[in-house]
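Working notes for the structure below.
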Amino acid sequence: MPKHQITYHIYSEKALLISWEEQTLDIISKRTTAEHQIKKLFKEEVYINQGAYSLLVVTELEMDHHVVIDLIDKRLQSKKLLEPTTSLWKLPILYDIEKSLTETLKPSCDVNEIISIHNSSVYVVDFVGFLPGFPYLKGLDSRLQLPRKTTPALKVAAGSVAVSNEYCGIYPTSSPGGWHVLGNCPLPFFDIHRVAPNLLQAGDQVQFYAVSQEEHDQLTTQLETGKVALENFKSHA
Amino acid sequence: MPRITILQAGFYDSIQDKGRKKHRHLGVPCSGAMDQKAADLANSILNNTLDAAVLELVLSGGTYLFSTPTCIAITGAKAKVTVNDRAVEQNKLLDIKSGEVLKIGVATTGNFMYVAIGGGFQTEEVLGSKSFYTGITLMGNLQKGHDIDYAPYTDRQFTKANWKPVGQESALRCYAGAEFNLLDRKQQEKLLNTSFTISKNWNRMAFQLEEKIYNSLEQLKSSPVLPGTVQLTANGQLIVLMRDAPTTGGYPRVLQLDETSISSVAQKRVGSQVDFIVL
């Protein structure tokens, strides 16, 4: 197996940043494997979060960064890649595309084309960040890639499916935000009362299918009353 | 359960502790007391464990009624503090009787004040922390009429140790940020040789600085950040991320404050100046 191009940066007294070169292939498996190995090494006394091509290791333990880097590097260079166990989610979306998108994309793309481009891709959850439970989905068609809004909206509704640059994301709670909203998904993406508060995990696959206002509202009620289980939207990838 | 009742809330009263460090992978911010040194001092005076939850007050405090006897300590920014209209000192153990009323005025130095109580405040623990954060805990800040439970009084609070507040320095100790080396020499020198002014845009999420540094760096792919990460935005503004900051960000990370300096910067008032020193 080729040696991974990994760099280490001493982030703070208790934190270490591990980065891969941009465009590294299999980056999700590489990060997942690294996270797993580091947790084994520290016997779970570490907190790790992921970014696009990096992960940040934070520990409460006293650490000699250079010793830790050596230990981690030995493990990461020698271990096989883990394939994360992942799910395929089929998510309903009520499309209601913001002007910021339609205005920029016309005349090359009308609303129907935007919808068909968006829901014909299979997305992969790259990592979770920004807000509790906010998934960054890879796989957005280049025709829908726009820079973030210059002035963020003061309030983006919970469940908003939105795009910015190469990512599609979902706002789990209402929040200010600078992404261009495509529509709304009625599923609860973050719930502190669940054993795993996040609905989507890194590596999960996601497909969207369009629903009407009526279907959206019905699903919202059925999910709230427990008549429809979240499992119904999930299968093995 | 013993409780305090908020008769009048301060500007932004919240319960805070050491924060939710274990849930960063879910995108959950750390939160926790902005000035951890002051919160630690308040808990130490009472012989509490350092993770006991404290009441954090921002810029001005309110009026609080105690249901049963306890002891408290008030640290952080200086303010006029009274118990039943009698002036009391900060940074000291204060005995409180049933039905007494604590009143905390406007901060005259610093931004954040802390009230620790014997055994700690007993609000709901969510994802391993009692720290308030909108969307995670039931509320983001306390309002008039709210009750907060606290632990029953015990005499283990007494300690002979003489705790003193740590002085504030204007120099903030930093690690070079992950993207520091992408800055050219002039940018690096400007960053390390300028006294930066705390702007009026500050909150529990971030403090913005006034002086700008021209920025030619591209935005990053979303990358992990921590409280204390100093970001350089596209228009050259420096932003010091604080306890409620998101877990990832897309601006170049030019510096990272050490833990003590995060607490120090939290107490810097609008218009005051800070210098960065790379360790």
Among the GluC sites (Glu not before Pro) within region B:176-279, which fall in a DSSP loop and have no more than 15 other Cβ atoms within 10 Å of their own Cβ? B:GLU210, B:GLU211, B:GLU218
Where trypsin sites (Lys or Arg not before Pro) fall in DSSP loop in region B:143-243, at most 10 other Cβ within 10 Å: B:LYS160
Tell me which lysines have Cα within less than 21 Å of A:LYS30's Cα, excluding those fewer than 8 residues away on the same chain? A:LYS3, A:LYS39, A:LYS40, A:LYS43, A:LYS74, A:LYS79, A:LYS80, A:LYS138, B:LYS221
Based on DSSP loop calls and a cut-off of at most 11 other Cβ atoms within 10 Å, the longest stretch of chain A free of exposed GluC sites (Glu not before Pro) is what? A:63-237
Straight-line reach from B:LYS200: which aspartates and glutamates have Cα under 18 Å away, leaving out those fewer than 8 places along the same chain? B:GLU210, B:GLU211, B:ASP244, B:ASP275
Please name whichever of A:LEU61, A:TYR11, A:SER29 sits farthest to the positive end of the charge dipole of region A:6-78, dipole taken about the Cα centre and charges placed at Cβ: Lys and Arg +1, Asp and Glu -1. A:SER29
Three principal axis lengths of the protein assembly as shown [C-alpha, angstrom, descending]: 72, 57, 45
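None of the figures in this text is laboratory data; all of them are computed from the coordinates on show. Bear in mind the structure is a predicted one, so any value in this text is a computation, not a measurement. Ideal geometry is used to build each Cβ from the backbone, glycine not excepted, and the neighbour counts take in all protein chains shown.
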